[in-house]
Structure formats: structure tokens, C-alpha cells
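One structure below.
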Amino acid sequence: MVVTHPLASFLISVLLVAALVVGCGGGAPGDNSEQSSSPSSSGVTVTPSTAAITAGGSQQFTASMPSNWSVDGVAGGNTSLGTISASGLYIAPSTAGNHTVKATSSTDTSKSGSAVVTVTAAAASSAPAVLTYHNNNARTGLNPNETALTPSNVNPKTFGKKFSFAVDGAVFAQPLYVPNLSINGVTRNVLYVATEHNSVYAFDADGKTLTPLWRRSFLNPAEDITTVPACQACGRTSLGPEVGITGTPVIDLDSKTLFVAAMTQEDGQPAHHLHALDLLSGAEKFGGPKRIQASVRGKGKGSNLNGQVPFHDATHNQRPGLLLLNGVLYLCWAAFSDVEPYHGWVMAYDATTLDQIAAFNVSPDSSAGGIWAGGGAPAADSEGNVYVTTGNGYYDQAGEEWGQSFLKLRLVDGKLSVVDSFTPFNWVQTNAFDLDIGSGAPTLLPGDSPPRLLVSGTKDGKIYLLDRDSLGRFHQGDNSQIVQEINLNPPFVTSGTRPRMYSSPAYWNGFVYFGTANGNLKAYGLSNGKLSLASQSNNHFTSRGGIPVVSANGTSNGVVWLVERITSTGQTVLRAYDAINVSKEIYTSNMNAARDGLGKGSPFTSPTVANGKVYVSSRGVISVFGLLH
């Protein structure tokens, strides 16, 4: 018989309890090795147990058993606490703070578990806004503040399609981008998209939600307001089965307004309207929409017995992007497949009232001269001058007929006037063969030292480099009065297969980029006021070519982007090139078509590059590309 001393019995009990505690998984103080999830004494484990996210961001939580979710005791949460879905996806509120996410068993409410969320203020995006076609009024197509995308990481292993947005029609307009907007209490980067089905969408540009933040439709079938149907006889076929919004809108960030021109059919008759939409809600502003109408004196096609040439709704196509300059909106017009009567028009509107200020007709005593520019937009300088190119039509400087020309316009005392021009000496021949000057849009090259340069390409396969302080007018027999003329045409090519231009050139770091149809991407170096070929891509584009844009971090890491539409199939391809040497194609969406394929798209598509992402339009879809983290 062993007799134990009472003190010994006490010590043995303490040691047994300690051993049981260690055996149950007790760790040293401060040991966080098992803290990725939150075991609850009541039986529900929430993973992760802690999370830190920015305002408006998201965090996926999981529970160890089917559960109902709450935030700070509120089932499903709310906008001030953050919301949580039935699957445990938490969307943070727009303000910083700490919150508790709780999972309660859906079969036994006595069982629960929780996690703590720290919401920090959202960092302001450093990405510049894309408020207009090709980034700026010079139309250089340059984003010089792109820090994420480089020639080394834009490749099919690390770059590709991340997500996409569904829209209700074809998209010809370039998507626009505004960072750091507060919509419904959440700060977001926002992408704006316009469709031929007459809708304007606002999307979260980072894909935090794929549902539109808002959508504005200009249709009302109950009031017999519909899109304009395609029509072979009237030329409305190249835009698809319907016509709505074609030209790229423009954004005024100061007033937080998006301006857009839309074509609708009302009581069976086509009509054009100018709209001003609130960036945050899509609501109409400034008394809009305003009906677009105009009339000038003349005896040209479509003129009436009063000696006036009216604007004809049915035959005019608002193809170019809009220009906003010094509080004035400029809209340009051409035809649908050259169906008469039509004229080239430039109209000016007050951006605060939507009242028309002036209307200029390129061909008041003849016809044509359409301003369409491959979907480009009029360029403008800081002095208030507006630059456009015109298509097929008659030229007569004395009679103010301005077909087949470069025009420099200025608004003075409520009137738009031509203050300078250039018309190639062989305009009669190019006009006869439908090789219009106006298939390309002008780009103003940087630099304030004379000559201040303007460059554009044409359907005739020419590149014209002009002094925008003295464009050159018309010179009999040759074009020796201008800065430079470059002929892209090899000998003995036919009209149908010659290299052509249907785009704005892009500029970066001393290089000018041209995406030629029936040709390739060309990079010209700009030195001593002249262009010389520096490199060209090894691939050749089909009959519409591509419209180049450039992303770069200042003078480094330049990437040239463009979208090619294959004429025979309608399929679109995103392509990227090293901007220093465009013979180096670093990425195409066909390299991993299962992941990155774009499907069928529209001609004259211009991608938008902002904040590490590339936004590409195709039929009914906006595809978003970026680094694959």
C-alpha cells in the first residue's frame, strides 16, 4: 500500500492538466500558425479569420458548414457596413473602418463563427483619364503614364483576357475611361461604352462587378423611338443591322458630363440628337437631348427652292468622334456608303446649353466631301484651330468647295471658316477612283518650334506631313509646297490591293506609327522635321488595317497596340508590338485563342489602354486584357 502525501497529489493533478492542454493542441504564446481560419467554440469555422481590403474592394469568405452571413449583426450587411452574399463574398463600403463578418449555421443557429475585416481608404488611381478619341485633342493615341504593361510582360504567359462586359449591340466608338469616380457611394474607375443599339453604359473598369453601374438607352418602343434599321438602298449596312451611336463620345471632367450624338428612328423617320449625360448616373443634362438640324445657303445636292442646303437626317452618318474645345462641341458628318444627298458638315454647339453656334458645309454648291476619317476625330490645337480631312468631292477654293482636302477651321463670332487648307495636285484623279483624302484623320505632332507638324494618311496610300501654320493650299502639277509626301504604293498595284490608310497615326518618343490596310504596321522616326522608316511589322493586315495606340511609362517601355479585323471572316485580333522596333510582335490574342479570343468585331476599332488594362470592343462584348496575376 502506497500512501501519497497531499502536496504530491496536488502537483500530480497540475501536471496532468498541463499535459491535457498540450495534447489538445495548445501552442506557445504568440504562435499564429493556425490563424488563417477562425474555429468557433460553437462549431463554424470562417476562413480567413482576418482580412484587410480597400474601400469598395471584395473578399471571399468561406464557412465550414452551410451558413447565413451577416455584417456587424445585420443580415447580408448594407452599403455603410459592406454587403455579403449568400456565398460569402464581402463587398467593402466606400469608407474605412473595422467590421465583423459572421457565419451562422443555417441548420443550427446555436453554431456560428466570425472574422474581422479592416477596410482601408481606396488609393487614388494614378492612371490618366481617357476622355476623348485617341486620348487627347492632338489625337496622338498616347498614354504616357502606363506603369504596369511593358514589352517584357506583355506575352501570352503573363498577359491575357481577364474578364468581359456584355453590351446590347455592335460597338464602333472607342471606350472612354475615368478614374476615381464615386458612384452610389463607392469610388471606382469607370469605363464608358456606347453601342449601335443606342445605349451608353458605365462599367466598373476593374471588373469588381460585371453588372453595369448604369445604362442609358435612347430608345422608347412605346413611343415608336427605335434604332435605325440597316438598308441596302440607303447605304446603312456597314455598321451592322442597326444604326445608333457610331462616333466616339467626349467627356468634360469638370462638369462630369459625357456628350454623345445618337441616331434614332422616330415615327418611322430618322433623326439625330445631341445628348449630355451625367457621368455618375446617366441622367440627361443641360436641357438635352437637342435635335440636330442645320441649313446653309447653296444650290448643291438636296437644296430646296429657297436656295438652302438642309441637313438630311436619313443620309448623314455621324462617324467621327466628338471634339470638345474651349467649351464648344464639334460634330462632323459624312454619308452612309456615299448615298446622296450628303455633304461634309462640321457643327459647333455650346457645351453648357447644347445650343448650336455654327454649321459649316464643305460642299454647299456641289455634294459630298464627307468627313468620316476611318472613325477618327477632328484634331485641335491650343489656339482654337480645328483640323479635319474631307473625302470625295469637288475642290474650288474660290467657290469654297472643299472636297479632297485638309482643312484648318476656326470659330470666330459664331461662324466656322476655313483659315488654311491643303489639296493634293492630283485630286481629280483620286476623286475619280474613290481614293479619298478623308479616309484618315489628322494627328498633330508635339513641338512648338517651326514647323509645327500635322500628319495623316489617305486611301491613296499616301502619307502627308504638313506645316500646320502653312498647310500649302493647292499647287499646280505637284505637292512640292508641303513638308513631305510619302508614297506607300509599290509599282503596278491595283486600286483594290494598294496599301491604304483608314486611321489616325499614333505618336511616341520621336516615332510616328501607321497601321496600313493591305500593308503592315510602320514606325517612322521623326528627325529634323522629316519622317524616315525605322521599322515595320512582319505581318500584313487585310483591307481595313489597324488603328495604332501607344502605352508607355514616359520615354520607356513603349508598346504599340492595335486591333485587326480579318476581312474574310470578321474575326478580330488584338496585337501588341515593341514600340522601339515594331518588327517584334510580342503578343496576339490568337496565341492563346481559347482564353483570349475576341470573336467577330467591327472595322476601325481602336483599343483603350489605361491603368494596366486594355479594353477591346467586339460584337456585343467589351473584352478586358491585363496581367494574369
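Observations, loosely collected:
- Answer residue from the range 151-188, given it is closer than 17 Å to residue 624 by Cα and among the β-branched types (Val, Ile, Thr) and is surrounded by the most Cβ atoms within 10 Å (Cβ to Cβ) among those: 171
- Here the range 436-469 is the region considered, the condition is being outside any loop (DSSP other than H, G, I, E, B) and free of Cβ contacts under 8 Å to residues at least 40 places away in the same chain, and the residue that is nearest to the chain's Cα centre (by Cα) is 462.
- Test for residue 176: is it closer than 29 Å to residue 386 by Cα and touching an Asp or Glu at 6+ places or on another chain (Cβ under 9 Å): no
- Residue within the range 140-156 that is under 26 Å from residue 181 (Cα atoms), hydroxyl-bearing (Ser, Thr, Tyr) and not in a strand (DSSP E or B) present: yes
- Strands (runs of 3 or more DSSP E) wholly inside the range 268-387 containing at least 1 residues that are of a type in the set (A, V, I, L, M) and touching a residue at least 60 places away in the same chain (Cβ under 8 Å): 269-278, 295-297, 323-325, 328-335, 345-350, 356-361
- Failed item, numbered, when residue 417 is tested on (1) among the hydroxyl-bearing types (Ser, Thr, Tyr); (2) within 29 Å of the chain's Cα centre (by Cα); (3) farther than 17 Å from residue 460 by Cα: (2)
- Selection count, the range 388-401, where residues are surrounded by fewer than 20 Cβ atoms within 10 Å (Cβ to Cβ) and either in a strand (DSSP E or B) or in contact (Cβ under 8 Å) with a residue 60 or more places away in the chain (or both): 2
- At least 1 residues being aliphatic (A, V, I, L, M) and either surrounded by 18 or more Cβ atoms within 10 Å (Cβ to Cβ) or modelled with pLDDT of 90 or more (or both) is the threshold, and among the strands (runs of 3 or more DSSP E) wholly inside the range 18-112 those reaching it are 50-54, 67-71, 82-84, 89-91, 97-105.
Conditions tested, residue by residue: (1) farther than 21 Å from residue 177 by Cβ; (2) under 21 Å from the mean Cα position of the chain (by Cα); (3) at pLDDT 95 or above.
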residue	(1), (2), (3)
533	yes, no, yes
541	yes, no, no
549	no, yes, yes
555	yes, no, yes
570	yes, yes, no
576	no, yes, yes
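- Selection count, the range 113-137, where residues are at pLDDT below 95 and either within 30 Å of residue 148 (Cβ to Cβ) or part of a loop (DSSP other than H, G, I, E, B) (or both): 12
- Considering the range 576-589, and only residues there that are of a type in the set (S, T, N, Q) and assigned to a loop (DSSP other than H, G, I, E, B), the residue that is nearest to residue 161 (Cα to Cα) turns out to be 589.
- Count of the range 171-221 residues which are closer than 19 Å to residue 120 by Cα, assigned to a loop (DSSP other than H, G, I, E, B) and touching a Lys or Arg at 6+ places or on another chain (Cβ under 8 Å): 2
- A count restricted to the range 587-625 and to residues that are at positive phi and either in contact (Cβ under 8 Å) with a residue 60 or more places away in the chain or of a type in the set (Phe, Trp, Tyr) (or both) stands at 4.
- Conditions (1) in a loop (DSSP other than H, G, I, E, B); (2) over 16 Å from residue 455 (Cα atoms): number failed by residue 404: (2)
- Residue check for residue 409: of a type outside the set (D, E, K, R) and at pLDDT 95 or above: yes
- Selection from the range 483-511 of residues that are modelled with pLDDT of 95 or more and assigned to a loop (DSSP other than H, G, I, E, B): 483, 505, 509, 510
- Residue check for residue 408: in the same structural domain as residue 304 (by TED's automatic domain parsing) and in contact with a Ser or Thr (Cβ under 8 Å, 6 or more places away or on another chain): yes
- Consider the range 256-272 and keep the residues that are surrounded by 15 or more Cβ atoms within 10 Å (Cβ to Cβ) and not aliphatic (A, V, I, L, M). The one that is nearest to residue 323 (Cα to Cα) is 259.
The values are calculated or read from the model by the stated rules, or taken from the named source; none is laboratory data. Please read these numbers as outputs of a predicted model, since none were measured by experiment. Reconstructed Cβ throughout: ideal geometry from the backbone, glycine too, with neighbour counts over all protein chains shown.
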